[in-house]
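All remarks here apply to the structure that follows.
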Amino acid sequence: MGEFVVRGGNRLEGAVRINGAKNAALPIMAATIMAHDPVLLHGIPRLRDVDVMIRVLQSVGATVQWASNHDLLIDPRPIQHYVVPSELMQEMRASLFVTGPLLARLGQAQVFQPGGCNIGDRPIDLHVEGLRHLGAVPLEGDGTLLLQCQKLQGADIHLSYPSVGATENIMMAASRAIGDTRIRNAAMEPEIVDLAQFLETMGAVVRGAGTSEIRIVGQEHLCGSEYTIIPDRIEAGTFALATATAGGHVLLKNCLPDHVPGLWGRMREIGVDVREIDAENMEIIAPERYRPASISLHTNPYPGFATDLQPQFMAFLLKVPGVHLISERVFESRLGHARELRRMGAQIVADQRVAMIYGGHSLHGAQVRALDLRAGAALVIAGLIAETPTVIAGREIIERGYENLATRLQGLGADVTLT
Ligand code: UD1
């Protein structure tokens, strides 16, 4: 495992371009399985998770090649296999996205219990239940799940929780089902809207994406298409929080401010100057020092505060004098980074779901570990203000979701190197 080495003390200055969104790219890549012709995707980030999805698509028979740095050409026509190899499922939970499209295309899909980021127990019951409503019959084996159907049928589906992945899996399968599907209590994330817009370029009919009720009119045929992925709101938030923590002035290019409700308001409330330059560019200007505050934040499904920004926000709060509270409400145990931050001198008391953060105290470097992708980003941010070097093990985990993070932070003046 490689490491990130961060030597703190530098302010961040300059501009950074935000890449295409990982969490939009992965389901959209999976959806190409259903197309009858090749699909060209623009703005696909060069990430380890994207590489895994490419291998998943290749494992079922698709031809996939990079047309240029962020442009991916997928030819789904040769697809004929329905089993996703266990090692790929173990590497990334999002491999699960191919079950809906494979069912729609081949009438069967076999997956293994998924792996992915270590952020608590993440069941797949909502995916299976949704696909079952569309007519798939699940058969559980030794760590495997085989789903089969004659032909998917539209259905009325009520999700007991607005799961992002389950909403996406159902949307994809439903767009090739016979008849209409209604998903109630659907997830409303911008990545859902992006998937819907992509499906529409293939000829699908999807209404209401971005609201809690999505309607899909199933189509017999989905064609090839060309599409550009939305910018990554979590990456934008991470760079914004890094700037607010380290100090400085950074322009975020290719960032859609509306996609991160909650974050900008919270940052302004704490004293960061957050300026929306236009529809795609934002400026983050950190104050010379933060006034004491008492911040209370809880995560929630969109439009609530994104759980994927919670660890980075915790690192930022270490800079703000006062006693702060973070409550994680999306995942059962996603506060493990508190323990790693404590190794750096952070004063945090945390259980599985709630953390009390005593901000405004100095940090020192330490040997720490990225427990998951966003927790790793939080450690990098904390490293930017630590008084001695921080060595973060688990570089590969951070690279699952951030393309060239070290190089891009260096471009802003940070001292971040890789081993
Ligand atoms: C997606 C994102 C991830 C983000 C999360 C929440 C991708 C590739 N990943 O993950 O970065 O942190 O949304 O915004 O888009 N759950 C069940 N049963 C299920 C599915 C989920 O109980 O079948 C639970 C999970 O355990 C969790 C909650 O629902 O507690 C949210 O999970 P979900 O919205 O499904 O997240 P993902 O789609 O896995």
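A compact table of results
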read-out: All positions within region 102-151 that are at pLDDT below 85 and either surrounded by 20 or more Cβ atoms within 10 Å (Cβ to Cβ) or not assigned by TED's automatic domain parsing to the domain that holds Arg184 (or both); value: Pro114, Cys117, Ile119
read-out: Considering residues of region 18-48 that are surrounded by fewer than 24 Cβ atoms within 10 Å (Cβ to Cβ) and among the charged types (D, E, K, R) only, the residue farthest from the ligand (Cβ to nearest atom); value: Asp37
read-out: Segments classed as strands (runs of 3 or more DSSP E), wholly inside region 332-401, with at least 1 members that are touching a His at 6+ places or on another chain (Cβ under 7 Å) and among the aliphatic types (A, V, I, L, M); value: 354-359
read-out: Odd one out for Ile326 among (1) assigned to a helix (DSSP H, G or I); (2) buried (at least 17 other Cβ atoms within 10 Å of the Cβ); (3) not hydroxyl-bearing (Ser, Thr, Tyr); value: (1)
read-out: Residue in region 356-365 that is in contact with a Leu (Cβ under 7 Å, 6 or more places away or on another chain), closer than 14 Å to Pro311 by Cβ, in the same structural domain as Met314 (by TED's automatic domain parsing) and modelled with pLDDT of 95 or more present; value: yes
read-out: Test for Asn23: is it in contact with a strand residue (DSSP E or B) (Cβ under 9 Å, 6 or more places away or on another chain), under 30 Å from Ala414 (Cα atoms) and at pLDDT 95 or above; value: no
read-out: Hits in region 152-169 - residues which are of a type in the set (A, V, I, L, M, F, W, C) and either modelled with pLDDT under 95 or within 11 Å of the ligand (Cβ to nearest atom) (or both); value: Leu159, Val164, Ala166
read-out: Residue within region 286-297 that is under 22 Å from Ile398 (Cβ atoms), outside any helix (DSSP H, G or I), β-branched (Val, Ile, Thr) and assigned by TED's automatic domain parsing to the domain that holds Gly9 present; value: no
read-out: Within region 55-96, tally of residues that are modelled with pLDDT of 95 or more, among the hydrophobic types (A, V, I, L, M, F, W, C), farther than 17 Å from Met34 by Cβ and within 22 Å of the chain's Cα centre (by Cα); value: 1
read-out: Test for Ala109: is it within 16 Å of the ligand (Cβ to nearest atom), over 22 Å from the mean Cα position of the chain (by Cα) and free of Cβ contacts under 8 Å to residues at least 60 places away in the same chain; value: yes
read-out: Qualifying residues in region 366-387 (those that are open to solvent by 10 Å² or more (accessible area, probe 1.4 Å) and aliphatic (A, V, I, L, M)) - the one modelled with the lowest pLDDT; value: Leu371
read-out: Residue list for region 267-305, restricted to those being closer than 25 Å to Gln352 by Cβ and either surrounded by fewer than 18 Cβ atoms within 10 Å (Cβ to Cβ) or at pLDDT below 95 (or both); value: Ser294, Ser296, His298, Asn300, Pro303, Gly304
read-out: Leading residue by the ranking (surrounded by the fewest Cβ atoms within 10 Å (Cβ to Cβ)) among those in region 339-355 that are under 18 Å from Ala306 (Cβ atoms) and not charged (D, E, K, R); value: Val354
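The values are calculated or read from the model by the stated rules, or taken from the named source; none is laboratory data. These numbers come from a predicted model, not from an experiment. Please note: Cβ atoms are built from the backbone with ideal geometry, for glycine as well, and neighbour counts cover all protein chains shown. The accessibility values were calculated without ligands, DNA or RNA, using every heavy atom of the protein model including side chains. Shrake-Rupley method; radii C 1.70, N 1.55, O 1.52, S 1.80 Å.
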